[in-house]
Structure formats: structure tokens, C-alpha cells
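Input: a single structure, listed below in C-alpha cells.
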Amino acid sequence: MARVLVLKHVAAEPLGLLDPMLRERGHRIRYVNFSRDPHARPRLDRYQALIVLGGPMQVDDADTHPHLLTECRLIEKAMATDMPVLGICLGAQLIAHVLGAPVGPCRQPEIGWYDLDPTNVTAHDPVLAPLESKQPVYQWHHWGFDCPTEAVTLATSRESGCQAFRHGERTWGFQFHLELDERLIRRWLTLPFYRDDLARSGLKKTPEDLRADTHRWLPDSLKLADAVFGNWLELIGEPQRRIVLGSR
């Protein structure tokens with residue numbers, strides 16, 4: 001059993017599919033919800049893994065979201081102690097920022113389903129190897145990142161370049177949202193913030209367009225998520241054996 005520290009920025013962007021996968025393996029989760037407690041100062045001492053989730057703020061918003069500096073320090077410490085780290089969307093951007101990579105606005109936002117392309121090293125990656133060929137994944141971001149100098153690019157997209165990287169043997173950053181299931185995607189498409197963001201994006205997409213694409217592409221994305229997250233979870237320890245009373 002491992003204790004996992006999860007940095008959360010908004011209620012609508014939780015662990016998603018990762019939550020039951022962690023719990024089924026007997027791991028314990030502690031959320032730090034910065035939208036509720038922006039001055040939280042969590043410590044890593046009692047944890048064996050770190051997950052940094054997505055959110056609507058950007059890496060240079062520390063003046064209005066000072067917890068981003070706290071998160072960068074936690075990421076830096078986790079990597080220095082060889083702790084497994086996973087960053088999703090904003091989380092990946094924060095990891096890239098900590099590693100000195102440029103993080104900034106994309107040429108145009110990516111909202112909805114976009115092709116994710118593996119690179120020539122993806123097949124050998126212990127986590128993202130299940131991405132064997134081009135596959136649509138769900139995106140929602142206005143900023144992106146270059147692959148950090150000392151990291152390995154694992155996936156790219158035509159629209160915004162680097163989409164996934166590995167730093168060392170224990171840290172991964174994913175720009176895309178493999179953690180989302182249909183319930184969460186539908187929730188985003190009903191919330192005013194996300195609907196307004198989509199309308200202002202200039203992409204000429206509607207919530208109905210995204211729902212139709214989700215119906216088409218989500219089943220394969222769920223399979224990829226199960227394999228990829230399963231690989232990452234192997235880094236944080238063996239699943240806890242469940243004892244069934246009355247069995248031998």
C-alpha cells in the first residue's frame with residue numbers, strides 16, 4: 001500500500017479514472033484542494049507518489065495563485081527524491097516549468113479530441129508504451145510546453161508539439177486528459193466556465209460536437225487509460241492483497 005498526494009485545483013478536475021484504480025490496489029489518496037485552501041503547505045514526507053492535476057490557471061499566474069509556487073517546490077523535491085510523479089495538463093506544464101522548459105500559449109487552443117502521435121521511443125517507455133499508433137485523446141488547454149532538455153518526448157500532436165514526456169525513470173507529464181470518463185466530459189460541457197471557454201476559443205465547436213466525438217472516441221481512450229495508468233501505478237508498489245474471510 002502506498003500513500004499518494006494529489007494536488008487539485010478545481011472541483012471539476014479530479015483524479016477521474018485514476019481514483020478507483022488507486023483504491024482497488026489498496027493505495028490511500030490525500031487530496032490537497034487549492035481552490036478551498038490556496039495557502040495549504042503540504043509535505044511529502046509521508047507519501048510515496050505525487051499526482052498534479054489540471055486546472056484553468058497558467059504557470060505564470062503565481063501572483064494570483066501563489067500555491068503554484070508551493071506546487072513547483074513539491075514537484076522539485078519529489079523528483080529529487082526519486083518519487084513517482086505524474087502531471088496532467090496544468091500538472092505537466094508545472095513539471096516542464098520546473099525543468100526549465102518553455103511553457104506558453106499555443107497557436108490555438110486544443111479543446112476536444114485530437115490525434116496523439118507516439119515517437120520513436122514510445123514503445124520502450126514503461127508507462128506510455130500502450131500508445132502503439134496514432135490515437136485521438138481528449139484535450140482542454142490554451143497553453144503547452146516544449147519537451148524539457150533532459151527529458152524524452154513520448155507523444156506529440158500536430159497542433160501543439162510535445163504532448164507527453166518522461167524525465168528520468170519516475171516522472172511523466174501528459175498534456176492530455178486520459179483520466180476523463182464520459183461522466184466528467186459531460187459535466188465539463190454543462191458547466192458555464194467550460195462552455196464559455198469553448199465559445200470564446202475561436203474553434204467553432206459546440207458542446208454537441210464534443211459529445212458526438214466523445215461517443216466515437218472514448219471507448220478506445222478508456223482502454224488506453226487503463227493500460228497507461230496501470231503501468232504508472234506499478235511504480236508505486238504492489239497492489240494490496242485482499243483477504244476474503246472463509247477462503248483458503
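Values quoted throughout were computed directly from the atomic coordinates according to the rules given, and no laboratory measurement underlies them. Here the structure is a predicted model, which means the values were calculated and not measured. For neighbour counting, all protein chains shown are included, and Cβ atoms are generated from backbone atoms with ideal geometry for every residue, glycine included.
The table below gives the values:
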read-out: Among Leu235, Leu128, Leu53, residue whose mean-square fluctuation peaks in a GNM of the chain (springs only between Cα atoms under 10 Å); value: Leu235
read-out: Extension gain from Asp209 to Lys223, taking 0.36 nm per residue of separation minus the Cα-Cα distance; value: 2.8 nm
read-out: Pairwise FRET efficiency - Ala12 versus Ala199, Cβ, R0 = 22 Å, nearest 0.05; value: 0.85
read-out: Label zone at Asp37, where the point sits 7 Å out along the Cα-to-Cβ direction: the stretch 71-88 residues whose backbone N lies under 19 Å; value: 71-75
read-out: Size of the stretch 14-149 as Cα extents on the principal axes (Å, biggest first); value: 40, 37, 28
read-out: FRET efficiency, 1/(1 + (r/R0)^6) with R0 30 Å, evaluated for Asp181 and Ala80 via beta carbons; value: 0.35
read-out: Candidate lysines for bridging to Lys8, where Cα separation is under 20 Å - those fewer than 8 sequence places away on the same chain excluded; value: Lys77
read-out: Helix-only [θ]222 nm of the chain, DSSP H runs n ≥ 4, -39500 (n - 2.57) each, per residue, nearest 500; value: -9000 deg cm²/dmol
read-out: Cα principal axis extents for the chain, largest first, Å; value: 59, 42, 39
read-out: Rounded to 5, percent antiparallel among DSSP beta bridges of the chain; value: 55
read-out: Among Pro136, Ser201, Trp188 the positive-end extreme of the charge dipole of the chain (Cβ point charges); value: Trp188
read-out: Modelled FRET efficiency - R0 22 Å, Ala62 with His142, Cβ distances, 0.05 increments; value: 0.80
